[in-house]
Amino acid sequence: MAEIFKQKNAWLKYDEAGKKNVMDFCEGYRKFISDNKTERECAQTIIEKAKKKGYKDLTKVKSVKAGDKLYFNKFDKAVALFIIGKKPLADGMKILGAHIDSPRIDLKQNPLYEDSEMALFDTHYYGGIKKYQWVTLPMAIHGVICKKDGSVVKVNIGDKPGDPVVGITDILIHLGSKQLEKSGAKVVEGEDLNVTVGSIPHDDEEKNAVKRNVLDILEKTYGLEERDFISCELEVVPAGEARDFGLDSSMIMGYGQDDRVCAYTSAEAFFESKATDRTQVCLLVDKEEIGSVGATGMHSRFFEDCVAEILDKMGAYKEIDVRRAMANSVMLSSDVSAAYDPNYSDVFEKKNTAFFGYGSVLNKYTGARGKSGSNDASPEYIAKLRAAFDKNDVTFQTAELGKVDAGGGGTIAYIMGNYGMNVIDSGVAVLNMHAPWEITSKIDIYEAYRSYKVFLKEL
Ligand code: MN
Ligand code: MN
């Protein structure tokens, strides 16, 4: 007799001690996303952890052999971790990938101005956002000031105890009738995202006295001169910690979970992995939210160059082996999926949607319209993955990003697919994706972490 398949909510497979493990693991994650709100902060924290675990800088080691643990740092914004396996690299690698950039509000290069005795920063948003979600919130400024003498000063204003916050204002409801007639995309427009930063005038200045006072504060705190803004990367992000969400604390609300929820779980699984036959890789990249472009995005050659370097330092460099290493690899390209939202059920098709509580998500394809722009994973590869997950009791689900023709999205999977490797999109379901405060389910975070461990062990 045929049986009808029925998936079980993953919380139900854990007893009290098991649930505590889930909660404890997610507390580490909650702290990580609270402390690391930019790609640079994520890259730095992960490299520090790698160093403590004995990973060596690939660019500094003279030779490489099986069992070595290596890291590569691309411009402080993208990271590759390697555990060298016993088999030749040309046999392919097991790769976990995710991105560590998130939507945010970047300062323009010439940002600071004064209007009616208020000081403001002009900004240019990064990634796809509903702009109206980013106003009237406490915001922090994270980033770096790069000076002409080569020094780099780290900035964090708004997330240290006792710090002031900044933010973007909105029109009061009493005067908002014209604004509210506009379409959602225009209620708050790109040039309206100005961050208010001060209102006290400097006492011996007549014009721009408030701006001058803000510059004084920045000079005292960070040694910043106005011209230094042109070599800054300052990102305005939601201020404050991620929080447990729900009366049962079953979820996490926090900034930047797309895609740090996959980056953190991938890195944690990787750090626990032992050397195996094939070389293992954890790839955490930047710029996914704007098309994976530039030197630190997945389209960059930096990863391929790392593979060439490793072969060279093993005394076995051949161009053909670089290509074979890439083509023979398997990868979980992890990024967030849209979680089913009971408030907006009409954009989902329930049989092919990710639900909170049903574990890590496999997306055979992403893309828009007729799967345009998607890496369509091969079913042979999916069969191997589901066998490994089932064998190890990993709860997983499959999903599409909403209904056909409702919209769409992309990830880094297709870029790695270009090398001819087997790659599939996997990850964690998110509510409020790309909003300042995104929501994930703790059991899904934990099952994703378990799925990455199983992938590294079994594939
Ligand atoms: Mn993403
Ligand atoms: Mn995204």
Looking only at the stretch 89-124, which residues are part of a strand (DSSP E or B), touching a helix residue (DSSP H, G or I) at 6+ places or on another chain (Cβ under 6 Å) and surrounded by fewer than 16 Cβ atoms within 10 Å (Cβ to Cβ)? 109
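In this structure, does residue 258 turn out to be within 16 Å of ligand 2 (Cβ to nearest atom), within 20 Å of residue 453 (Cα to Cα) and surrounded by 17 or more Cβ atoms within 10 Å (Cβ to Cβ)? First the steps, then the outcome.
Working: within 16 Å of ligand 2 (Cβ to nearest atom): yes; within 20 Å of residue 453 (Cα to Cα): no; surrounded by 17 or more Cβ atoms within 10 Å (Cβ to Cβ): yes.
The answer is no for residue 258.
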Residue 320 within 16 Å of ligand 2 (Cβ to nearest atom) and either farther than 23 Å from residue 105 by Cβ or surrounded by fewer than 24 Cβ atoms within 10 Å (Cβ to Cβ) (or both): no
Give me the strands (runs of 3 or more DSSP E) completely within the stretch 242-340, filtered to those with at least 3 residues that are within 27 Å of residue 384 (Cα to Cα) and touching a residue at least 60 places away in the same chain (Cβ under 8 Å), ordered by residue number. 279-285, 330-334
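In the list 337, 329, which residue meets the criterion of being within 20 Å of residue 420 (Cβ to Cβ) and either within 16 Å of ligand 2 (Cβ to nearest atom) or modelled with pLDDT of 95 or more (or both)? So that I can check it myself, show each step before the final result.
On the way: 337 fails: within 20 Å of residue 420 (Cβ to Cβ).
None of the others qualify; the one that does is 329.
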Which listed residue is small (Gly, Ala, Ser) and assigned by TED's automatic domain parsing to the domain that holds residue 310, from 127, 97: 97
The condition from (1) at pLDDT below 95; (2) within 16 Å of ligand 1 (Cβ to nearest atom); (3) closer than 18 Å to residue 58 by Cβ that residue 316 misses is numbered (2)
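Could you look through the stretch 223-241, keep only residues that are touching a residue at least 12 places away in the same chain (Cβ under 8 Å) and part of a helix (DSSP H, G or I), and pick out the one that is surrounded by the fewest Cβ atoms within 10 Å (Cβ to Cβ)?
If we filter the stretch 223-241 for residues that are touching a residue at least 12 places away in the same chain (Cβ under 8 Å), which is where we start, we get 223-224, 226, 228-241.
From what is left, the residues that are part of a helix (DSSP H, G or I) are 226, 228-231.
Details: 226: 15, 228: 17, 229: 19, 230: 11, 231: 13.
Within the stretch 223-241, the match that is surrounded by the fewest Cβ atoms within 10 Å (Cβ to Cβ) is 230.
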If you take the residues of the stretch 219-270 that are within 21 Å of residue 20 (Cβ to Cβ) and of a type in the set (Phe, Trp, Tyr), which of them is nearest to ligand 1 (Cβ to nearest atom)? 264
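Can you tell me how many residues within the stretch 281-296 are within 13 Å of ligand 2 (Cβ to nearest atom) and not polar (S, T, N, Q)?
Taking the stretch 281-296 as the starting set, the residues that turn out to be within 13 Å of ligand 2 (Cβ to nearest atom) are 285-292.
Filter once more, so that each one left must be not polar (S, T, N, Q): 285-291.
Summing the residues that are within 13 Å of ligand 2 (Cβ to nearest atom) and not polar (S, T, N, Q) in the stretch 281-296 gives 7.
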Every listed condition ((1) within 13 Å of residue 426 (Cβ to Cβ); (2) hydroxyl-bearing (Ser, Thr, Tyr); (3) within 16 Å of ligand 1 (Cβ to nearest atom)) holds for residue 381 save (3)
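Could you look through the stretch 407-422, keep only residues that are within 12 Å of ligand 1 (Cβ to nearest atom) and buried (at least 21 other Cβ atoms within 10 Å of the Cβ), and pick out the one that is farthest from the chain's Cα centre (by Cα)?
First pass over the stretch 407-422, keeping only residues within 12 Å of ligand 1 (Cβ to nearest atom): 409-413.
Within this subset, residues satisfying the condition of being buried (at least 21 other Cβ atoms within 10 Å of the Cβ) are 411-413.
On the way: 411: 11, 412: 12, 413: 14 Å.
Among residues in the stretch 407-422 that are within 12 Å of ligand 1 (Cβ to nearest atom) and buried (at least 21 other Cβ atoms within 10 Å of the Cβ), the one farthest from the chain's Cα centre (by Cα) is 413.
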Would you mind telling me which numbered condition in (1) within 16 Å of ligand 2 (Cβ to nearest atom); (2) at pLDDT 90 or above; (3) of a type in the set (Ser, Thr, Tyr) residue 374 fails? (2)
If residue 425 satisfies every condition in (1) among the acidic types (Asp, Glu); (2) crowded, with 23+ Cβ neighbours inside 10 Å; (3) over 19 Å from residue 270 (Cβ atoms) but one, which is the exception? (3)
Considering only residues that are out of contact with any strand residue (DSSP E or B) (no Cβ under 8 Å at 6 or more places or on another chain) and of a type in the set (A, V, I, L, M), which ones fall in the stretch 354-404? 383, 387, 388, 404
Sort out which residues of the stretch 108-139 are in contact (Cβ under 8 Å) with a residue 60 or more places away in the chain and either within 16 Å of ligand 2 (Cβ to nearest atom) or among the polar types (S, T, N, Q) (or both), and write them in order of number. 109, 110, 123, 125, 126, 127, 128, 129, 130, 131, 133, 134
Among strands (runs of 3 or more DSSP E) entirely inside the stretch 362-459, those with 2 or more residues being touching a residue at least 12 places away in the same chain (Cβ under 8 Å) and more than 15 Å from residue 339 (Cβ to Cβ) are 422-427
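Please verify whether the stretch 344-351 includes one or more residues that are within 16 Å of ligand 1 (Cβ to nearest atom) and surrounded by fewer than 22 Cβ atoms within 10 Å (Cβ to Cβ). Working first, answer last.
Restricting attention to the stretch 344-351, the residues satisfying the condition of being within 16 Å of ligand 1 (Cβ to nearest atom) are none.
No, the stretch 344-351 contains no residue that is within 16 Å of ligand 1 (Cβ to nearest atom) and surrounded by fewer than 22 Cβ atoms within 10 Å (Cβ to Cβ).
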Is it true that residue 45 is surrounded by 13 or more Cβ atoms within 10 Å (Cβ to Cβ), of a type outside the set (Asp, Glu) and either at negative phi or not in a loop (DSSP other than H, G, I, E, B) (or both)? yes
Out of all the residues in the stretch 286-295, is one or more under 27 Å from residue 56 (Cβ atoms) and at pLDDT below 95? no
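The values are calculated or read from the model by the stated rules, or taken from the named source; none is laboratory data. Since the structure is predicted, the reported quantities are computational estimates derived from the model, not experimental observations. Counting neighbours? That spans all protein chains shown, and the Cβs are built from the backbone with ideal geometry, glycine included.
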